[in-house]
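Participant: Here it is: the structure, laid out below.
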Amino acid sequence: MLLRRLPLAGLRPVIGTLWATDRQEPPSAGTRWERILPSGRMHLAFRLAGAPIRILRAGRLGSVGWTVVSGARTEPYDKELRDPGPVVGVDLEPGMSEWLLGIPASELAGCHTPLDEIWGRLVADELRSRLAACPTLEDRLTLVEAVLQARLASRPCRPGTLDLVAAVRHLSSGGRVADAVRLSGLSHRHFLQRFQRAVGLPPKKFARVVRFQRALHALRDPSRGLAELAGASGYSDQAHLTRDFVEFAGLTPSAYLRVAPTSANHLPWPRPTARRAGSDLFKTGGSPTPETPAPRWTGGGS
């Protein structure tokens with residue numbers, strides 16, 4: 001069962017959605033992986049039971065632990081589906097993560113970082129244990145809301161953050177970078193620096209990812225041809241759309257339609273070929289265990 005909802009009103013500037021599952025559905029025969037596409041957003045995930053989260057990027061397989069921050073990125077990654085168990089997730093609004101996490105989004109971009117490394121192991125492990133002890137999915141979402149609210153209340157919001165968020169929203173709606181700079185009230189150079197720190201991606205790259213996301217969701221409407229969809233999504237032509245699909249998803253729009261995912265950004269995927277290289281899998285060391293915090297996993301870069 002999946003429960004997804006908006007957060008409390010006081011959290012909505014920072015949190016997009018909250019979700020929880022009581023178990024992950026086992027993969028269909030022959031499918032042990034799913035491909036996760038870039039969205040321009042950051043995410044928190046708490047796996048409450050079963051094996052740690054394992055992902056594959058650039059042919060490199062690594063375990064990233066049970067409580068993970070997924071940074072903004074511009075390329076897909078493949079996640080192993082095994083040992084279905086309960087998960088709690090938090091989708092963060094672009095530009096607002098530093099207030100909650102206490103670290104610039106630019107330092108987390110393109111990586112899966114254990115929450116232990118950001119909040120400390122005791123804090124992360126205690127929250128995961130409390131979530132696991134909740135009797136219902138709604139109780140888990142209520143608890144994670146309370147913890148996030150308390151954290152925001154204990155930290156000042158970085159000056160200028162809300163002005164920058166207005167620029168993020170402008171780009172998310174298809175606006176130009178030059179207009180977003182004017183909205184921010186910053187010089188072009190300072191805007192680029194502040195935007196990447198807050199969002200994790202440069203403005204033009206972020207705008208491309210959100211344009212790809214608009215096309216991705218529009219693609220699920222079978223009544224529209226690819227050429228029409230490309231123009232409506234802000235692409236110059238169908239070939240332009242296809243190039244972005246190949247870059248951000250690793251397949252063409254037609255191939256995406258053949259995969260027919262039930263969730264736009266989560267594609268059932270055949271088992272990839274992983275390259276295992278011992279401690280070289282990770283930026284800071286070898287495979288994690290329940291007693292050893294998982295190192296930051298870059299998958300060979302962002």
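Participant: Val147 is checked against (1) hydrophobic (A, V, I, L, M, F, W, C); (2) modelled with pLDDT under 95; (3) part of a helix (DSSP H, G or I) and fails just one. What number does that condition carry?
Facilitator: Condition not satisfied by Val147: (2).
Participant: I need every pair where a residue in the range 99-113 that is over 22 Å from Ala150 (Cβ atoms) has its Cβ under 7 Å from the Cβ of a residue that is among the small types (Gly, Ala, Ser) and at pLDDT 95 or above, sequence separation at least 6 or different chains.
Facilitator: Ser106/Gly200; Ala109/Gly71; Ala109/Ala72; Ala109/Gly200; Gly110/Gly71; Cys111/Gly71; His112/Ser70
Participant: Residues Asp91, Asp78: which one is charged (D, E, K, R) and either at pLDDT 95 or above or surrounded by fewer than 21 Cβ atoms within 10 Å (Cβ to Cβ) (or both)?
Facilitator: Exactly one of Asp91, Asp78 is charged (D, E, K, R) and either at pLDDT 95 or above or surrounded by fewer than 21 Cβ atoms within 10 Å (Cβ to Cβ) (or both), namely Asp91.
Participant: Residues to consider are Arg54, Arg140; find the one that is more than 30 Å from Pro159 (Cα to Cα) and touching a Ser or Thr at 6+ places or on another chain (Cβ under 6 Å).
Facilitator: Arg54
Participant: Any idea which of Ala294, Ala277, Ala249 is among the hydrophobic types (A, V, I, L, M, F, W, C), modelled with pLDDT under 95 and either crowded, with 16+ Cβ neighbours inside 10 Å or assigned by TED's automatic domain parsing to the domain that holds Gln196 (or both)?
Facilitator: Of Ala294, Ala277, Ala249, the one residue that is among the hydrophobic types (A, V, I, L, M, F, W, C), modelled with pLDDT under 95 and either crowded, with 16+ Cβ neighbours inside 10 Å or assigned by TED's automatic domain parsing to the domain that holds Gln196 (or both) is Ala294.
Participant: Assigned to a loop (DSSP other than H, G, I, E, B), under 30 Å from Asp163 (Cβ atoms) and among the β-branched types (Val, Ile, Thr), is that true of Thr17?
Facilitator: Answer is no for this residue.
Participant: Residues of the range 91-143 being of a type in the set (Gly, Ala, Ser), assigned to a helix (DSSP H, G or I) and closer than 22 Å to Ile53 by Cβ, which ones?
Facilitator: Within the range 91-143, Ser97, Ala105, Ala124, Ser129, Ala132, Ala133 qualify.
Participant: Just one of (1) of a type outside the set (Lys, Arg); (2) part of a helix (DSSP H, G or I); (3) without any contact (Cβ under 8 Å) to a residue 60 or more places away in the chain trips up Asp83, so point out which.
Facilitator: Here Asp83 clears every test but (2).
Participant: Which one is surrounded by the most Cβ atoms within 10 Å (Cβ to Cβ), of the residues in the range 1-13 that are modelled with pLDDT under 95 and in a loop (DSSP other than H, G, I, E, B)?
Facilitator: Pro13
Participant: Still on this model: Considering only the range 129-152, state which residues are under 15 Å from Leu18 (Cα atoms) and either in contact (Cβ under 8 Å) with a residue 60 or more places away in the chain or touching a helix residue (DSSP H, G or I) at 6+ places or on another chain (Cβ under 7 Å) (or both).
Facilitator: Answer for the range 129-152, where residues must be under 15 Å from Leu18 (Cα atoms) and either in contact (Cβ under 8 Å) with a residue 60 or more places away in the chain or touching a helix residue (DSSP H, G or I) at 6+ places or on another chain (Cβ under 7 Å) (or both): Leu131, Leu137, Glu138, Arg140, Leu141, Leu143, Val144, Glu145, Val147, Leu148, Gln149.
Participant: May I pose another question? Using the structure shown, decide if Arg54 is surrounded by fewer than 19 Cβ atoms within 10 Å (Cβ to Cβ), charged (D, E, K, R) and at pLDDT below 95.
Facilitator: no
The values are calculated or read from the model by the stated rules, or taken from the named source; none is laboratory data. Here the structure is a predicted model, which is why all the values come from computation and not from measurement. Ideal geometry is used to build each Cβ from the backbone, glycine not excepted, and the neighbour counts take in all protein chains shown.
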